[in-house]
Amino acid sequence: MRPLIAGNWKMHGLAASSAALARALRAGAGEVGCDLLVCPPFTQIGAVAALLAGSPVAVGGQDCHREREGAHTGDISAAMLRDAGAGFVILGHSERRADHGETNETVRGKVVAAQQAGLVPIVCVGETEAQRLAGQDTEIVGWQLHSSLPPEFGGIIAYEPVWAIGTGRTPGAAEVMAMHGFIRRELQRGFGAVGAGMRILYGGSVKPANAAALLHLPEVGGALVGGASLNAGDFLAIARAAALPNMAAGG
Ligand code: PEP
């Protein structure tokens, strides 16, 4: 399976800057050899999806509500994301867990809603630095997986150590391999053959300079990229670095 490089634009992007970024990605996306996804803020999803229609770059949301519609002021449903042109949605990002008190149970409800609306959920898991230092990293990630994923899960996992997000720090190769191997075993245990084929993305300070070292590790199926996804050149450089072995093998 080709790597997936997903960009999380977070709360960045007005109409002009989002359109410029989308146009630059469209222009450069053809030769990268990866699947590409961008997740703009809600207000830009429709416009970005229109600019990227027919290109190799898919569009996603950064969150959705668990209900299809109703009295939930300020919220956006999965059906609304789909209607605006999204095919994916990031769920349970650590910033939403921290800023909005989202629990694993909240995330699980959103995953069900996303799948019912025809979106592919990207479920984020990851330990804090204190939890890693206490040797609780796999315990925490295992608990997040078991509690956030519904029995009929068919999406993507993003392993994002909280301490690596936006800090310029990344885990070492051995740490990434250990955690991705653990997540793969848990997915296989929970979902059998389907779990064996699920993509597991790495996220946390992925940049052009470290992309090749992080993204060619076993069980790393791509990246969820925050800061570097706001620069088309950096985002496409990460995608090219992720794709290199496949290209060399002619795949
Ligand atoms: C993220 O927030 O999902 C992320 C990976 O951010 P950054 O790449 O900026 O660390």
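Quick note: the coordinates plus some simple rules give every number you see, no bench work behind them. Keep in mind that what you see is a predicted model, and the values were worked out from it rather than measured. Cβ placement follows ideal geometry from the backbone for every residue including glycine, while neighbour counts extend to all protein chains displayed.
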For the chain, restrict the atom set to alpha-carbon positions and state the Rg and Dmax in Å. 16.9, 53
Working from the alpha-carbon coordinates of the stretch 98-148, get Rg over Rh, Rh being the Kirkwood radius. 1.05
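Give me the one-decimal Kirkwood hydrodynamic radius in Å for the stretch 127-195, with the sum taken over alpha-carbon pairs. All intermediate terms of the calculation are to be shown ahead of the outcome.
On the way: mean 1/r = 0.0781 Å⁻¹.
The Cα-based Kirkwood calculation yields 12.8 Å.
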Euclidean distance between Cα centres, the stretch 91-143 to the stretch 6-25, Å: 25 Å
I want to check the label-to-label distance for A50 and A134. Put each point 7 Å from Cα in the C-beta direction and report it in nm to one decimal. 5.0 nm
Cβ charges +1 (Lys, Arg) and -1 (Asp, Glu), total dipole of the stretch 114-208, debye: 240 debye
Between the alpha carbon centres of the stretch 44-90 and the stretch 166-240 the gap in Å comes to 23 Å
The local net charge around G155, scoring Lys/Arg +1 and Asp/Glu -1 for residues other than G155 whose Cβ lies under 13 Å from its Cβ, equals +2
Span-like helix ranges in the chain, DSSP H, alpha carbon extent 15 angstrom or more, Kyte mean at least 0.0: 15-28, 42-52, 173-196, 232-248
Top of P208, P40, P218 by mean-square fluctuation, Gaussian network on the chain, Cα under 10 Å: P218
Taking the Cα atoms of the stretch 1-146, report the difference between the largest and smallest coordinate on each principal axis, in whole Å and largest first. 46, 39, 28
If every Lys and Arg gets +1 and every Asp and Glu gets -1 at its Cβ, then about the Cα centre the chain yields a dipole, in debye to the nearest 20, of 480 debye
Per residue and in Å³, how big is the convex hull formed by the alpha-carbon atoms of the stretch 146-251? 113 Å³
Going highest first, how would you order 131-140, 54-63 by mean Cβ packing within 10 Å? 54-63, 131-140
